[in-house]
Amino acid sequence: MILDEFRKSGLEIEFVLVDKDEEDAQRGCFHSHQRCARIVVERNYKNALVLEDDATLEAFPPKTISRLNRFLRTRHPELLHLGVILGKLWLTWTPGIARCRAAGAHAYIISRAASEKLLHYRFEGIGIDTLYRRQFKQYCAFPMLSSQQPRHIAGSDIESAREKVTLEEKGVSREGPGMNWHANRRKQYRLAVANLWKTALRLQQ
C-alpha cells in the first residue's frame with residue numbers, strides 16, 4: 001500500500017524492519033520509532049518522514065507540499081504530523097499549518113533535534129504517540145493529509161495495549177473505510193473555529 005501511495009511522488013521509501021516484540025507490542029512500536037530516530041541522527045538528516053505500515057495518504061495539491069517544506073525550513077518544528085487522532089488543535093498564522101496536542105504516530109516529519117531528544121527516553125509503559133503529545137511540540141498539516149487503514153484492512157498490533165479513549169474523545173473510528181477520515185476532518189474544522197482566539201493571540205505558536 002505505501003509503495004502504491006508513493007509510486008507517483010518520485011520519492012524513495014526505505015523500509016525499517018524490526019523483530020516483533022511478542023511480549024509487549026506497544027514497547028515494540030516505541031523502539032521501532034526510536035530506531036527511525038537513530039537513523040536520522042546517524043545520517044545527519046535535517047528532517048525525515050516516518051510512516052507506519054497502515055498509513056494512507058489523501059489527494060492534495062502540489063502547493064500543500066510547498067507550504068510544508070517552507071514551514072520546515074523557516075520554523076524547524078520538532079514534529080509535523082500529516083495526520084493524527086485529534087485532542088486539541090488551533091490554527092497558526094502560517095497557511096496550512098496548525099498546532100496540536102494529539103495522539104497518533106502513523107505519519108509525521110521529525111527533525112534531527114527531535115530525533116536526538118527521542119533517543120534519550122526509555123520505554124516506561126506509554127505509547128510513542130502519548131510521549132509525543134506530552135513531551136514534544138506538535139504541529140500538523142491543516143487539513144490533514146494522512147489517515148490510517150481501517151481495522152478490517154490493517155488492524156494495529158497495539159490497539160489492545162493503547163489507552164482506552166472514547167469515540168468522542170478521539171473524533172475518529174477505525175471501523176469503516178471512510179468513517180475515520182471524514183469524522184477526523186469534521187473535528188479539525190470544529191476545533192479550528194472553537195480556538196480562533198488562540199490563533200488571534202498567537203498562543204504557543
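Taken together, the values in this text are just the output of simple stated rules run on the coordinates, not laboratory data. Note that the structure is a prediction, hence the values are computed from the model and not measured. So basically every Cβ, Gly included, is an ideal-geometry build from the backbone, and we count neighbours across all protein chains shown.
Ranked from highest to lowest mean number of other Cβ atoms within 10 Å per residue, what is the order of the peptides 106-119, 43-56?
Values: 106-119: 20.5, 43-56: 16.6.
Highest to lowest by the protection proxy: 106-119, 43-56.
In the range 1-133, what is the count of Lys pairs whose alpha carbons are under 26 Å apart, counting only pairs at least 8 residues apart or on separate chains? Provide the component values of the computation, followed by the final result.
Working: Lys8/Lys46; Lys8/Lys63; Lys20/Lys117; Lys46/Lys63; Lys46/Lys117; Lys63/Lys88; Lys88/Lys117.
Summing the qualifying lysine pairs gives 7.
Sort 142-148, 121-127, 59-65 for me by packing, meaning the mean count of neighbouring Cβ atoms within 10 Å per residue, highest on top.
On the way: 142-148: 22.3, 121-127: 13.1, 59-65: 11.0.
Result, highest mean first: 142-148, 121-127, 59-65.
Say a paramagnetic label sat at a point 7 Å from the Cα of Asn44, along Cα to Cβ; which residues of the range 110-130 have their backbone N under 15 Å from it?
112-113
If packing is taken as the average number of other Cβ atoms within 10 Å across a peptide's residues, how do 27-35, 72-80 rank, most packed first? Spell out each step's value before the answer.
On the way: 27-35: 19.2, 72-80: 16.4.
For the peptides 27-35, 72-80, the packing ranking is 27-35, 72-80.
Which distance in nm do the two modelled labels at Asp4 and Asn69 give, with both placed 7 Å along the Cα-to-Cβ direction?
2.7 nm
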